[in-house]
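Working notes for the structure below.
The values are calculated or read from the model by the stated rules, or taken from the named source; none is laboratory data. These numbers come from a predicted model, not from an experiment. Cβ atoms come from the backbone with ideal geometry, glycine included; neighbour counts cover every protein chain shown. Quick note on the areas: whole protein, heavy atoms, side chains included, nothing else; ligands and nucleic acids left out. Shrake-Rupley method; radii C 1.70, N 1.55, O 1.52, S 1.80 Å.
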Amino acid sequence: MKTWIVLLAALLAGAWTADATAGVRTIATLSSRPDRVSGGDVLVRIAQNDDAATPVTLNGADVTGAFQPGPSHTRTGLVTGLKLGVNTIAAGGVSLVVRNYPISGPIVSGPHETPFVCTTQSFKLYSTFGGSAAVSDDVLGPALDADCSAKTKITYLYLAKGATALAPLPNPTSLPADVASTTTTTGQTVPFVVRVETATIDRGIYQSTVLFDPTSDAQPSWRTPPRGWNRRLIAVQGAGCPGGWYFQGAVGGSMARPGMVDASLYSLARLGEGYALYGNTLQNASQNCNAVLEGEAAMMGKEHFIKTFGAPDLTVSVGCSGGSYGSSQPADALPGLYDGILIACTFPDPLAIATSGLDAHLLTHFFAVTAKGAFTEDQQVAISGYKGMKAFVDAANQAERTDPLPGRADIEGYKSAVWNDAVPATLRYDPTTNPKGARPTIYDHGRNIYGVDPATGFGRRTFDNVGVQYGLAALNAGQITPKQFLDLNEAIGGYDQDANYRPTRAVGDVGALKRAYQSGLELSGGGGLASIPVFDISGIYKDDGGYHYQWFHFAMRARLAKANGDAANHVMWRGNPVPPDKAWATFIAWQEAIHADTGAGSLRDKAIRDKAAAAVDGCFRSADDFVAEPQTFSREPKTTCNTLYPSFGFPRLIAGGPLAADVLKCQLKPVDPNDYDGALTPAELNRLRRVFAGGVCDWTRPGVGQTALVTWASFGPAPENLVFDITRTR
């Protein structure tokens with residue numbers, strides 16, 4: 001929470017300090033930034049030189065009664081009745097401008113996506129949680145408007161003695177005789193009863209869950225938080241991208257099963273320890289594969305939680321696979337949103353998966369169709385960079401995130417046009433029967449950031465392979481012949497807007513490329529991630545296949561080091577899998593040390609110097625056998641961890657690109673004979689120059705459009721930090 005408060009102090013829009021002799025010194029918002037308020041109310045703190053009850057006004061109307069005295073000459077109050085747009089809160093000659101938006105959004109994500117299918121009528125209030133089922137047929141209810149709003153519902157669950165599953169509380173006015181008790185991290189012993197709030201925020205379905213005894217606790221508010229809450233908040237994330245577009249979502253919020261190996265991180269133990277959980281269906285990448293919108297939903301959900309229960313001491317995010325970038329991308333783009341992230345099965349972002357998948361898909365097509373039989377399986381694997389053919393094919397199948405056409409299946413397991421069943425077939429794109437239909441790609445789903453091609457109406461694309469020398473390292477290692485290298489790069493081709501193969505290479509849109517970096521859709525690591533603990537654990541170890549490869553973990557570390565000079569606030573544990581409870585205990589000890597540090601220094605300084613004793617790089621031979629040693633990207637058995645868990649590459653790494661995989665479109669240079677270890681004859685060099693008439697990738701330079709992340713960026717309607725507004729320019 002300290003990062004949130006420090007950030008707000010630095011970014012307050014319109015606040016200033018009065019004369020030192022005056023009663024009021026500052027007015028600040030506690031629930032959100034003042035320029036990113038939603039829902040018509042805001043939690044405000046007034047700092048004074050005394051304890052006088054100085055009158056407070058909202059747009060000239062008296063709201064003094066909303067405030068109560070606090071410590072150190074402060075007064076805090078929930079100011080309600082904000083109008084949409086600009087509002088002014090004033091007291092004692094000091095004023096603060098607050099900009100309020102609808103609870104349905106948008107604030108910074110641009111115009112609402114269309115079509116958008118409501119699912120409140122089928123959203124179950126309780127779903128599988130922490131590996132245990134709370135069974136109920138209760139649903140949120142019918143949508144009340146075009147923004148998929150629904151009536152908020154408050155429900156209660158409890159844990160019976162000896163049980164491993166939460167169950168609906170039969171009567172909230174009395175507790176069952178068999179209710180279990182729990183003792184939180186703050187020493188409070190309370191009945192194991194949780195309050196579940198289900199509502200709609202930012203057109204997604206929001207849930208928060210916290211220990212709460214409806215028979216004795218006061219009605220929750222920032223003044224009277226639940227006795228069982230330990231003042232810590234966990235953001236709940238979801239799974240991966242395919243199918244994550246055009247619908248509200250059926251899984252999400254704090255009662256969703258996180259799944260995979262991180263389930264125990266969200267187990268009943270976390271609630272029993274007093275942690276509160278919150279989430280939104282649109283924080284789940286399998287229902288919303290747009291990190292800008294995901295960050296907006298997370299921001300608005302945290303704001304609502306604070307106004308309901310008060311400000312947490314710290315907020316963390318934990319997630320695996322799609323939940324890893326569901327944690328890291330908003331944490332980077334919105335500094336202060338999270339105080340730390342614990343991620344598993346890590347990817348830097350969906351673009352890293354899509355770009356490597358598109359490269360691999362081109363290669364599998366070339367090997368299977370264009371040059372059938374001309375390359376051995378070992379040569380194909382060497383060019384791909386992956387451990388084996390299965391891993392190579394599995395990576396290629398991830399190009400499905402960018403393919404809008406149904407039915408394409410040119411490699412085993414490939415799924416084109418991935419849709420959720422909630423989206424009717426009548427809304428789906430077909431180039432012949434429905435050319436204006438919704439397109440299931442990360443580019444079309446992110447059109448508010450990437451922009452729209454006016455000639456086609458499709459989202460602009462960032463994929464670019466101009467100048468990429470596929471198989472360069474394999475050539476220099478003698479694994480393929482010069483002729484194979486030249487044939488490959490001459491005929492590899494690219495894609496058109498419908499992901500059909502074409503003989504010419506793909507050219508990324510320069511504007512879309514720049515905005516991918518500015519928005520954080522291409523993870524930077526230089527925003528909020530620079531100043532918080534980033535704890536990265538294996539989660540899933542599958543370099544043999546399944547596309548959860550170790551190079552993604554190292555790519556994220558490389559981006560942090562590139563952006564910040566080092567990755568000292570990044571700790572990596574590898575294993576098959578890493579014991580998640582050990583990871584959680586280490587992570588939270590790290591957080592506690594930072595929270596207790598009142599010394600001088602930046603947030604980054606504290607994140608580095610306050611590491612828990614166990615927060616060091618290493619790997620697990622077994623659940624009880626940890627080897628502490630720096631983690632390096634290598635398949636060579638020169639360290640214990642690399643012997644146990646060797647890492648393999650990807651096509652652009654073999655083409656000479658960086659491990660960070662952060663260059664979406666390379667700048668070009670002339671062909672240089674020194675790059676080929678003497679492997680090419682003059683005639684072959686001349687042919688190579690013809691193949692790459694414009695030049696080859698110069699990986700020593702930044703990518704085209706590669707620019708700094710704009711933190712707290714807006715893509716409309718918020719005017720502050722506005723990067724791009726699709727309603728003004730396509």
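Past 27 Å, Cα to Cα, is the threshold; run 483/542; 124/307; 387/638; 606/638; 562/669 against it and keep the listed order.
Violating the 27 Å Cα-Cα cut-off are 483/542; 606/638.
When a/c reaches 1.5 or more, the comparison of a/b and b/c decides; with that in mind, is the stretch 617-730 rounded, prolate or oblate per its Cα gyration tensor?
Oblate, because a/c is 1.5 or more while a/b does not exceed b/c.
If you project the alpha carbons of the stretch 354-492 onto their three principal axes, what span does each projection cover, largest first, in Å?
51, 28, 24
Through the Karplus equation 6.51 cos²θ - 1.76 cosθ + 1.60, θ set to phi - 60°, convert the phi angles of the stretch 499-506 into ³J(HN,Hα) values in whole Hz; use x for Gly and Pro.
6, 6, 5, 9, x, 9, 6, 7
What lysines does residue 436 reach when the alpha-carbon gap must be under 29 Å and sequence neighbours fewer than 8 apart in one chain are set aside?
415, 514, 665
Please give me the summed charge of the neighbours of residue 430: other residues whose Cβ is under 15 Å from its Cβ, Lys and Arg +1, Asp and Glu -1.
That works out to +1.
Can you run phi through the Karplus equation (6.51, -1.76, 1.60; θ = phi - 60°) for the stretch 291-299 and list ³J(HN,Hα) in whole Hz, with x for Gly and Pro?
5, 5, 5, 4, x, 4, 5, 5, 4
Taking a ≥ b ≥ c as the square roots of the Cα gyration tensor eigenvalues, with a/c under 1.5 meaning rounded and otherwise prolate when a/b beats b/c, else oblate, which class fits the stretch 496-616?
Oblate is the answer for the stretch 496-616, as a/c is 1.5 or above yet b/c matches or exceeds a/b.
Please sort 443-450, 564-571 by packing, taking for each peptide the average over its residues of neighbouring beta carbons within 10 angstrom, highest first.
Ranking, from highest mean packing down: 443-450, 564-571.
The list [x] 90, 62, 50; [y] 87, 57, 55; [z] 75, 72, 54 gives values of Cα extents along the principal axes in Å, and only one came from this structure; which label was calculated from it?
[y]
What FRET efficiency, computed as 1/(1 + (r/R0)^6) with R0 = 25 Å and r the Cβ-Cβ distance, is obtained for residue 640 and residue 602, rounded to the nearest 0.05?
0.15
Non-local amide H neighbours of residue 26 (under 5 Å, H modeled in plane, Pro and chain starts lacking H): which ones?
The list, which skips near neighbours in sequence, is 47.
Residue by residue through the stretch 534-548, what is 3J(HN,Hα) from phi via Karplus (6.51 cos²θ - 1.76 cosθ + 1.60, θ = phi - 60°)? Round to whole Hz and write x for glycine and proline.
Ordered by residue, 3J(HN,Hα) equals 10, 10, 10, 10, 4, x, 10, 10, 9, 6, 7, x, x, 6, 8 Hz.
Please list 677-690, 227-240, 182-195 highest first by mean number of surrounding beta-carbon atoms within 10 Å per residue.
The peptides rank, most packed first, as 227-240, 182-195, 677-690.
Would you please report the Å³ per residue occupied by the convex hull of the alpha carbon atoms in the stretch 351-403?
So the per-residue Cα hull volume is 63 Å³.
On the Cα set of the stretch 527-578, report Rg and Dmax in Å, please.
11.8, 34
Among rounded, prolate and oblate, which fits the stretch 602-661 when a ≥ b ≥ c are the square roots of the eigenvalues of its C-alpha gyration tensor, a/c under 1.5 means rounded, and a/b larger than b/c means prolate?
In terms of gyration-tensor shape, oblate.
Just need the relative contact order of the stretch 396-542 here, percent rounded to a whole number, with Cα pairs under 8 Å and 6+ apart.
17
Remind me, relative contact order of the stretch 350-456 in percent, using alpha carbon pairs under 8 angstrom and six or more residues apart? Spell out each step's value before the answer.
Details: 126 pairs, mean separation 22.7, N = 107.
Once normalised by length, the contact order is 21 percent.
How much length, in nm to one decimal, is gained on full extension between residue 477 and residue 500, taken as 0.36 nm per residue of separation minus their Cα-Cα distance?
Stretched fully, the residue 477-residue 500 segment lengthens by 5.1 nm.
Over the chain, give the accessible area per residue in Å² for a 1.4 Å probe, as an integer.
Computed with neighbouring chains in place, this is 35 Å² per residue.
Starting from the amide H of residue 375, placed 1.01 Å from N in the peptide plane, find each other amide H under 5 Å away whose residue is 5 or more places distant or on another chain.
none
What does the net charge come to around residue 309 if you take all other residues with beta carbon closer than 13 Å to its beta carbon, with K and R at +1 and D and E at -1? Mind showing how you got there, number by number?
Working: positive: 195, 223, 227, 231, 232, 302, 307; negative: 197, 217, 303, 313.
Summing Lys/Arg as +1 and Asp/Glu as -1 gives +3.
Per-residue counts of other Cβ atoms within 10 Å, averaged by peptide: what ranking do you get for 203-214, 316-327, 155-166, highest first?
Final packing ranking: 316-327, 203-214, 155-166.
With the convex hull built on the Cα atoms of the stretch 49-107, state its orientation-averaged projected area in nm².
4.6
First select every other residue whose beta carbon is under 10 angstrom from the beta carbon of residue 698; then total the charges, Lys and Arg +1, Asp and Glu -1.
Computed value for this residue: +1.
Report, for the chain, the % of DSSP beta bridges that are antiparallel, rounded to 5.
70
Let me check against my output: what whole-number percent is the relative contact order of the chain, with C-alpha pairs under 8 Å and at least 6 apart? List each step's numbers first, then the result.
Details: 1785 pairs, mean separation 85.6, N = 730.
Rounded, it is 12 percent for the chain.
Can you pull the one-decimal nm distance between simple spin-label points at residue 377 and residue 544, each 7 Å off the Cα toward Cβ?
1.5
So who's got an amide H within less than 5 Å of the one on residue 37, skipping anything under 5 residues away but keeping other chains? H placed 1.01 Å off N, in plane.
Hits under the 5 Å cutoff: 99, 101.
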